[in-house]
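Data block below; observations after.
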Amino acid sequence: MAKLLLGTAVILLTCLELGSAYRLVCYFTNWSQYRPGPGKYLPENVDPCLCTHLIYAFAGMKENQISTIEWNDVTLYHSLNGLKNKNGNLKTLLSVGGWNFGTQKFTAMVSSAGTRQIFIKSVISFLRGYGFDGLDIDWEYPGSRGSPPQDKLLYTVLAQELMTAFEAEGKSSGKPRLLLSAAVAGGKNNIDTGYEIPQLGQVLDFFNVMTYDFFGPWSHATGENSPLYPLPNDKNTLNIDYNVNFAMNYWKDQGAPAEKLNVGFPTYGHTFRLSSSNTGVGAPASGPGLAGPYTRQAGFLAYYEICTFLKGATMKWNAPQMVPYAYKGTEWLGYDNVESFKDKMEWLKKNNFGGAIVWDLALDDFSGTFCNQGPYPLINTLHTGLGISAACVPSKTTLAPAVPPSQAPGGGGSGGGSGFCAGKANGTYPDPKDKNKFYQCINGVTYVEQCAAGLVFDPSCVCCNWA
C-alpha cells in the first residue's frame, strides 16, 4: 500500500506540474539542419507546445569536459531554449554521447574520481550557462562496444555523483535542481551488460528506453523496427526479446520504477532489399533499401519519406506485432504509423509507464505537407492520447540567456557587428570587468552570458568553473 501511495503521489505531482500524468520527451538533432529543402529542420520548426521535454542531441566531450560538436551549436542552444519563452512549462535537456560517439571517451572519463569531477563541474556550468534544465546521458553502451565490464559499476557511480552535485548546486544557487535522465538500451544483452538497474532507478529522474532498431537492414531477414510484441510461435530468442513489451517489462522487473520509464517511439522506419519472392515478416533480405531523398541514409526513411514510399506500395497490418509493413518491388519497409502509435500508447497507459520518448522531431511530417495528416501527425497522436495540456502558457521571465547587441556592454549599434563583438571572430570571450560574465560572439552579434552563483568564467576550459 505504501508503494501504491508513493506512486500515486508521484503521478499527482507530475500532473500538477505538467497538466498530464505523462511525460512526452522529444529529441532534437543538430544534424537535421543539413537536410535539403523541406527536410531541413531547425529550432524554429519546433512546436514549443508539443512536448513536455526537449532533449538536444548531441553534445560531445573534450579532455573529460562536455563540449559542443557543431559549428553553430551555441546559436541552436539559444533558439531551442528560447522556446521556453512561449511555453513556461517546457523543460530542455542536453544529451551527451550518441551511437557515433562510441564508448572510449566515456570509459576514460569515468575511470577515476578526478576525471568524473572534471566532467561534472563542466556539465553544471555548461547547462546553466546555456539555459538547459538538465542532462541526458546517451552512452551506447556501458560494458559493450569496447567498454570494459567495470564500466557497468562506474556508470552508476557517475549517475550518483551527478545527482549529488546537481542537488548541491540547486541549493547553493537557489535555482530548480538540474534534471538527470539516461537514454538506455532496449536489447536484453546490452541491458544486462550495462546497467545496475535498481541503483539507477533511485537516482535518475527518468529513463529513455530506446525501444526501436530491433530489426533493420543489418538483419538477414525483414523485421519490424519497433514491434510491440514478438511473432507468435517464434522460437528465435532474439525475436522473443526484440520488442517493446519485453524490453519495457524487463526494465521494470529488474528494478526500474514504472513511472520513471519512458517508452521509445520512432518517427522513422527501416527498409530492406528482398532476396526472394517472399514479402512477409522474416522474409530473406540482402541489405538496405534505397536512401530517402532528404535523410539520405540507405535502409532508413523518415515518416514524411515513408508517406511518399507508400504511394503505389502494398501495405499490410502486422496484427500480432501491432505495427504495419509495406513492400514495393524489391523494397520492404517496417515502420510505425498513427494507428500503431495509438495502440502502443494505450498499452503504455495500461502498464502505468511514465511517458514516451520520440526519436526524433525532425523525422515526423513536421510541416504537414507530405502525409496530409497535419503537422507532426505521429507526435500529435501521443500529445493528444497522453493528455498533454493543450494550454501553452508563456513564461513570465525571459529564459533564453541572451540580450540584443544594443543592450550589451559597449553596444549601442544596430547589430551586424556592433558592440563588444564588432570585428571579433565567432567564439567565447571573458568579460574583462566581471569574472562572473562572458560574451558569446555569433556573426558579430553580442550575447551576454552569466555563470551560476559561485562560479566564474574560466578561459582555459571555455566554461564556468569554481573560483
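Contact annotation: residue pairs with Cβ atoms under 7 Å, 6 or more positions apart or on different chains, pairing a residue in region 11-34 that is at pLDDT below 50 with a partner that is in a helix (DSSP H, G or I), are Ile11/Glu259.
I want to confirm something. Restricting to region 159-212 and keeping residues that are among the acidic types (Asp, Glu) and farther than 25 Å from Val358 by Cα, which single residue is surrounded by the fewest Cβ atoms within 10 Å (Cβ to Cβ)? Step by step, filter region 159-212, then rank; the result is Glu167. For Asn318, the conditions (1) closer than 27 Å to Asn249 by Cα; (2) in the same structural domain as Ile379 (by TED's automatic domain parsing) are fulfilled apart from (2). Answer yes or no as to whether Gly88 is surrounded by fewer than 18 Cβ atoms within 10 Å (Cβ to Cβ) and at pLDDT below 95. Judged against the criteria, Gly88 is a match. Scanning region 202-255 for residues that are at pLDDT 95 or above and among the basic types (Lys, Arg) returns a single hit, Lys252. Against the conditions (1) out of contact with any Pro (no Cβ under 6 Å at 6 or more places or on another chain); (2) surrounded by 15 or more Cβ atoms within 10 Å (Cβ to Cβ), Ser226 satisfies every one except (1).
Here's the yes/no breakdown for (1) more than 17 Å from Val244 (Cβ to Cβ); (2) crowded, with 23+ Cβ neighbours inside 10 Å; (3) acidic (Asp, Glu); (4) at pLDDT below 95:
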| position | (1), (2), (3), (4) |
| --- | --- |
| Phe272 | yes, yes, no, no |
| Leu301 | yes, yes, no, no |
| Gly312 | yes, no, no, no |
| Ala326 | yes, no, no, no |
| Tyr335 | no, yes, no, no |
| Ile357 | no, yes, no, no |
| Gly374 | yes, no, no, no |
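Can Ser219 be described as buried (at least 20 other Cβ atoms within 10 Å of the Cβ) and in a loop (DSSP other than H, G, I, E, B)? So Ser219 fails the test.
Go through the residues of region 170-187 one by one and say whether even a single one is in contact (Cβ under 8 Å) with a residue 12 or more places away in the chain and part of a helix (DSSP H, G or I). Yes: one or more hits.
Against the conditions (1) among the aromatic types (Phe, Trp, Tyr); (2) surrounded by fewer than 18 Cβ atoms within 10 Å (Cβ to Cβ); (3) in the same structural domain as Gly223 (by TED's automatic domain parsing), Phe341 satisfies every one except (2).
Scan region 58-67 and tell me whether some residue there is crowded, with 16+ Cβ neighbours inside 10 Å and charged (D, E, K, R). Checked against the condition, which is being crowded, with 16+ Cβ neighbours inside 10 Å and charged (D, E, K, R), region 58-67 yields no hits at all. The listed residues are Pro405, Pro409, Pro401, and the only one of them that is more than 28 Å from the chain's Cα centre (by Cα), at pLDDT below 75 and buried (at least 18 other Cβ atoms within 10 Å of the Cβ) turns out to be Pro405.
Scanning region 435-465 for residues that are at pLDDT 65 or above and β-branched (Val, Ile, Thr) gives Ile442, Val445, Thr446, Val448, Val456. Can you name the condition, by its number, that Gln202 falls short on among (1) part of a helix (DSSP H, G or I); (2) over 23 Å from His53 (Cα atoms); (3) free of Cβ contacts under 8 Å to residues at least 24 places away in the same chain? Evaluating Gln202 over (1) part of a helix (DSSP H, G or I); (2) over 23 Å from His53 (Cα atoms); (3) free of Cβ contacts under 8 Å to residues at least 24 places away in the same chain leaves (2) as the failure. Within region 138-158, the residues that satisfy the criterion of being crowded, with 23+ Cβ neighbours inside 10 Å and in contact with a strand residue (DSSP E or B) (Cβ under 7 Å, 6 or more places away or on another chain) are Asp138, Trp139.
The values are calculated or read from the model by the stated rules, or taken from the named source; none is laboratory data. Worth saying up front: this structure is predicted, and the values here are computed from it rather than measured. Methodologically, a virtual Cβ is constructed for each residue, glycine included, from the backbone with ideal geometry; neighbour enumeration extends over all protein chains shown.
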